[in-house]
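J.: Just dropping this structure here.
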Amino acid sequence: MSPIREVISDKKTNINPIWIMRQAGRYLPEFREIRKKNPNFIKLCLNQKLSSEITLQPLKRFELDAAIIFSDILMLPYGLNQKVEFKKNLGPLLGKLNLNEISQLSEEEFVKKINQVYKAIKLVSGNQLLKNKDTIGFVGAPWTLLVYMINKRSPKFKLIDNFFSDKTSIKKILEILDKFIKIHIKNQIDNGAKIIQIFDSWAGLLNESDLLKYIYNPTLSLVEFTKSLNVPVICFPKGIKNYKEYSEFIKPDAISIDYEVDPSLISKEIKIPVQGGMDPKVLLTDKETIKKEAKRYLDIFKDHPYIFNLGHGILPETDPGMMDYLVKTVKDY
Ligand code: CP3
C-alpha cells in the first residue's frame, strides 16, 4: 500500500509521507512557462496533456508521496454552466447564476463539459512516477462553492451583505451541489483517484449557529458517499474554530489542519489521522527556520498517524530550493 494510505488506513505512526497543497503551481518556473503560453486558466485545466504534465512537474523535482490533479474547485460551477474566469491579480470571477437552467442540467451534460479533468487523472495515474504513490482527487465543499457561486468572487474575509437573503435558492443550490459533487467525486475515482480531499477554504466565515446547516450536514453527505466507494477522504475546513467537533461530527478518514490552530491541542483532542499545519510563510524564511518548524510538527505528531503538508497552499513567491529542503527534512526525520 502507498505510504499515505498506510497512515490513513493502518494508522501507521513510524512513517511521514508528504505532499503539499498547490504543489503544482506558480512557484515552479516550468509551470509559469506553460502558463505564459496559456492565458486561459480553465482551458489549461481542460487540456489533458498539459494538465497532466503540470500535475507531474513537482514529482519530477521532489520526493513527494502523491500527485494532486491540476484542476480547480471552480471547475464544478463551470460544469454547471455558470461562467468562471480567472483574472490576474483579482482571482476568480463568476457570472450570473441561472437556477432554472442548472436545475435542469443532466449528468451527461455536466460530465461532457469537464470530461478532460477525468482523462487527465487517468493519464497521471498510469504514469511510472506514481508507482506506490497516490493520485489525489478533490472537490470544493458545498459551503465554499456556495460562497463563490453567490458572491461571484473571493469573499476576502467578508460575504456580500445580503448573502443569506434568498434562503429558498440557497437550499436549492445546496441540493444541486450535493448531486453534482458526488458525480464529480465518483468520476475522479473511476479514473484513478485513490484519495479524495474536500477543500472548505471559507469554513471560517460562518457563525457557529450556521455550521450544522451549511457545513456539517452537507459535508457529512459527501464523506459518507466517498467512504461507500471504499476511498479514503480527507477534509480541510480552513479556519474552522472547533476541529474536534467538526471531526467527531463528519468523521473523515483524516483531517487537514490550517496554520492558525495549535497542533499540540489537535494531537491531544483528535483521534483520527492528521495532515498539514505548517504555515506556508515559513518557506519564505531560511533553512534553519524551516527545519525547526517542520520538526516541531513532526515531534508533536510523532505518535499520531500524520501526513506532512502545509496549513494552506504553497505561496507563489516560494523558492523551489526551499521546497526541496523541506521535503528532504521531512524524509530524513
Ligand atoms: O497543486 C494543487 O494543489 C492542485 C491544483 C489546485 C488549484 N486550485 C490550481 C490553481 C487546487 C487543489 C485548487 C483548489 C482551490 N481553488 C481552492 C481550495 C484551496 C485553497 O486555496 O483554499 C480554492 C479556494 C480555489 C479557487 C481559486 N483558484 C482561487 C481563489 C484562485 C486565485 C488565487 C490564486 O492563487 O491565484 C484560483 C486559481 C488557481 N487554482 C491557480 C492554480 C495553480 C493559479 C492560477 C494561475 O496560474 O494564475
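The values are calculated or read from the model by the stated rules, or taken from the named source; none is laboratory data. Everything numeric in this text was worked out from a predicted model, so none of it was measured. With ideal geometry, Cβ positions are generated from the backbone for all residues, glycine too; neighbour counts draw on all protein chains shown. Side chains are part of the model used for accessible areas, which takes the heavy atoms of the whole protein and leaves out ligands, DNA and RNA. Shrake-Rupley method; radii C 1.70, N 1.55, O 1.52, S 1.80 Å.
J.: Whether any residue in the range 307-317 is more than 23 Å from ILE234 (Cα to Cα) and within 23 Å of the chain's Cα centre (by Cα) is what I want to check.
T.: Yes, that holds for at least one residue.
J.: How about the range 22-41: which of its residues are aliphatic (A, V, I, L, M) and either near the ligand (Cβ under 9 Å from one of its atoms) or open to solvent by 10 Å² or more (accessible area, probe 1.4 Å) (or both)?
T.: Of everything in the range 22-41, those that are aliphatic (A, V, I, L, M) and either near the ligand (Cβ under 9 Å from one of its atoms) or open to solvent by 10 Å² or more (accessible area, probe 1.4 Å) (or both) turn out to be ALA24, ILE34.
J.: Quick check on my filter: what residues within the range 142-173 are outside any helix (DSSP H, G or I) and either of a type in the set (A, V, I, L, M, F, W, C) or under 17 Å from LEU90 (Cα atoms) (or both)?
T.: Across the range 142-173, the qualifying residues are LYS152, ARG153, SER154, PRO155, LYS156, PHE157, LYS158, LEU159, ILE160, PHE163, PHE164.
J.: Which condition does ILE290 not pass, out of (1) open to solvent by 10 Å² or more (accessible area, probe 1.4 Å); (2) among the aliphatic types (A, V, I, L, M); (3) farther than 21 Å from PRO218 by Cβ, if it passes all the others?
T.: The single condition ILE290 does not satisfy is (1).
J.: Something else about it: Go through (1) in contact (Cβ under 8 Å) with a residue 40 or more places away in the chain; (2) closer than 26 Å to MET278 by Cβ one by one and return the number of the condition SER221 breaks.
T.: (2)
J.: Could you check the range 261-295 and list, in sequence order, the residues that are more than 18 Å from GLN23 (Cα to Cα), of a type outside the set (Val, Ile, Thr) and either out of contact with any strand residue (DSSP E or B) (no Cβ under 8 Å at 6 or more places or on another chain) or assigned to a strand (DSSP E or B) (or both)?
T.: Matches in the range 261-295: ASP262, SER264, LEU265, LYS268, GLU269, LYS271, ASP286, LYS287, GLU288, LYS291, LYS292, LYS295.
J.: Tell me yes or no: at least one residue of the range 120-134 is part of a helix (DSSP H, G or I) and under 15 Å from ASP72 (Cα atoms).
T.: Yes, because at least one residue in the range 120-134 is part of a helix (DSSP H, G or I) and under 15 Å from ASP72 (Cα atoms).
J.: Would you point out the residue of the range 79-102, among those that are touching a Lys or Arg at 6+ places or on another chain (Cβ under 7 Å) and not in a loop (DSSP other than H, G, I, E, B), that is farthest from the ligand (Cβ to nearest atom)?
T.: LEU99
J.: While we're looking at this one, here's another question. Condition first: near the ligand (Cβ under 10 Å from one of its atoms) and assigned to a loop (DSSP other than H, G, I, E, B). Now tell me which residues in the range 64-78 satisfy that.
T.: Hits for the range 64-78 are ILE69, PHE70, SER71, ASP72, ILE73, LEU74.
J.: When LYS60 is evaluated against the numbered criteria (1) in a helix (DSSP H, G or I); (2) away from the ligand (no atom under 11 Å from the Cβ); (3) open to solvent by less than 10 Å² (accessible area, probe 1.4 Å), which criterion, by number, is the only one it fails?
T.: So the condition that LYS60 fails would be (3).
J.: Would you point out the residue of the range 180-210, among those that are free of Cβ contacts under 8 Å to residues at least 12 places away in the same chain and in a helix (DSSP H, G or I), that is least open to solvent (accessible area, probe 1.4 Å)?
T.: Looking at the filtered set, the residue picked out is ASP210.
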